[in-house]
Amino acid sequence: MYILPGFTSYQERDGTIIVRSEIYQSEIELSDPDIKKEFYQVTKKGCDELSTPMAKVLHKQKLLVDENEIKDYLDEYRSVLDHTFNAILMPTEGCNFRCPYCYENHIPTTMTRHLFEQILAYLSDQCTKFENIILSWFGGEPTLCADNVIEVGSAINKLHKKYRFHYQSDMTTNGYLLNEKLFRKLYTAGVTRYQITVDGRNHDLTRPHVSGKGTLDVIMKNITSMTKLPKDMDFKIVLRHNILSGDEDFKWYDYLADVIGMDNRFSILVKPVGNWGGDSVKTLDICSNTEKVELVRRHIEYLHQIGLQCCNKSKGPFSNVCYANYPNSMIFRADGKIEKCTVALNHPMNQIGYIDPKLGIIIDQEQQKLWGFHGYRETCAKCAEVTSCMNMRCSKGRIIDGLDCSSCDDFIPRTFLR
Ligand code: SF4
Ligand code: SF4
């Protein structure tokens, strides 16, 4: 049976059907009425044979595929992840904030110099082996160890010039210490992608400084200075907004629009606060499962209305694949543990290795494989999300929470061009 797979999208415009492959970027146009009729029949029922010219052309362009071919094409597409090394570094697990929804225990462990050098040597070695290197800074608060970030970034920059791999470095930071001077230094060290959480008018309640003071004004001052940086500085900043139950203070977005204007280096990500672990989250009024879907939808709608970029529904290649599922991703914790998922810190199933003082990085390959790709669901073949999701969104559910992953609530039947 030949079917239109999830990675083929189509849309009729001005009497012409445009059919496109999201994987191969091939595109054809169908305008003959009989051929259009045949095409719509194929979208509903597929076809047993490639007996017509239309079916043959679609198949040649990999837009209409045998059910057995889908897996091969998806595997080929997914293989880019085999050539990607993603290191997530937690140089310190200490933090200058005390956010009540934070699941981390705030024990201020910081990497020793010896550990740090072992990691740097390992990273440098991976740079000679992989086509794509992603270096992510996480914590604790990574800007507390800005010197380490700059040292590693400068070393990788040198290797980048020599080995020409694709390189991207990002940071999840609370943004408090990220003033213009530090931002410029980190930019030079290659850190060009950021996620900074700013919780609107609730911010000083949900993201207080360790001293108990509010932090919003300082962070917004830092963000304002970033908006004034030259437009040829190529960076991206996601402003994450964690929302509580009933939060519909959309004036916050009007204020943000005044600060960041139409600068497309900034975008907004709206996430309902969840029970991510720890006790203090219980002091907050978090959304119920039913409320959160509708509330987030209203936030996104407002953002679109006022023209702010929202990255909630990114459809880019692998955009919904969690880094923990990358075959070659690993978190280097400040205490020398090597783990996979930043939410399940310290869970024994999360640990895939450690740093031995003499032998260096030790990885348990079997444990690492547990977190990787585990096959497609039946629905993936026809799902419009397949190129962004690949059934690789959250392995923690499968491995640690024991969730039944046999069906998918997010399956979206393939229909329109994106
Ligand atoms: S896991 Fe669900 S959302 Fe992801 S590709 Fe498969 S069916 Fe689609
Ligand atoms: S595995 Fe799941 S919980 Fe862990 S970081 Fe990925 S998406 Fe989050």
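Listed values, structure above:
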quantity	calculated
Label zone at Ser79, where the point sits 7 Å out along the Cα-to-Cβ direction: the range 372-386 residues whose backbone N lies under 19 Å	373-376
At R0 = 30 Å, FRET efficiency that the Cβ-Cβ distance of Phe250 and Ile28 yields, to 0.05	0.10
Extension gain (nm, one decimal) between Asn68 and Ser211, 0.36 nm per residue minus Cα-Cα	45.5 nm
Selected from Ile306, His114, Gly246, residue furthest toward positive end of dipole (the chain; charges at beta carbon)	His114
Under 5 Å, built H, 5+ apart or other chain: amide partners of Tyr167	Ile133
Positive dipole terminus of the chain, leading residue within Leu81, Val149, Phe39 (C-beta point charges)	Val149
Residues Trp137, Trp252, sorted so that the one with the fewest Cβ neighbours within 10 Å comes first	Trp252, Trp137
Difference of contour (0.36 nm per residue) and Cα-Cα distance, Ser280 to Asp404	41.8 nm
Candidate aspartates and glutamates for bridging to Lys337, where Cα separation is under 14 Å - those fewer than 8 sequence places away on the same chain excluded	Glu93, Asp356, Asp364
At least 15 Å along the helix axis (C-alpha) and Kyte average at least -1.0, DSSP helices within the chain	113-127, 146-163, 216-227, 289-306
Helix-only CD estimate at 222 nm, as mean residue ellipticity for the chain, using -39500 (n - 2.57) per DSSP H run (n ≥ 4)	-9500 deg cm²/dmol
Net charge dipole size for the range 91-306 [Lys, Arg +1 and Asp, Glu -1 on Cβ; Debye, nearest 20]	680 debye
Inter-probe distance in nm under a simple model that places probes 7 Å from Cα toward Cβ, at Lys129 and Thr16	4.9 nm
Spacing of the two label points (7 Å from each Cα toward its C-beta) at Ile363 and Ser154, in nm	2.8 nm
Segment Met349-Ala257, extension gain: residue separation times 0.36 nm, minus the distance between their alpha carbons	28.8 nm
Lysines with Cα under 18 Å of Lys129, excluding same-chain neighbours fewer than 8 positions away	Lys158, Lys161, Lys162
Karplus-derived 3J(HN,Hα), 6.51/-1.76/1.60, for each residue of the range 4-17, Hz, glycine and proline x	7, x, x, 8, 9, 10, 8, 7, 9, 10, 6, x, 10, 8
Vicinal HN-Hα couplings computed from phi for the range 239-250 (Karplus, 6.51 cos²θ - 1.76 cosθ + 1.60; Hz; Gly/Pro x)	9, 7, 10, 8, 10, 9, 3, x, 6, 10, 7, 6
Nitroxide proxy distance, nm - points 7 Å out along Cα→Cβ at Phe235 and Ile300	2.8 nm
In the range 1-70, the GluC sites (Glu not before Pro) that fall in loop regions by DSSP, at most 14 other Cβ within 10 Å	Glu49
Of Lys213/Lys282; Lys185/Lys271; Lys45/Lys71; Lys228/Lys315, those spanning more than 24 Å from alpha-carbon to alpha-carbon	Lys185/Lys271; Lys228/Lys315
Length-normalised contact order of the range 1-79 in % [C-alpha pairs under 8 Å, at least 6 apart]	38 percent
For Cys310, distant residues with modelled amide H under 5 Å away	Ile268
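Read-outs: derived from the displayed coordinates by stated rules, not from any lab. Keep in mind that what you see is a predicted model, and the values were worked out from it rather than measured. So basically every Cβ, Gly included, is an ideal-geometry build from the backbone, and we count neighbours across all protein chains shown.
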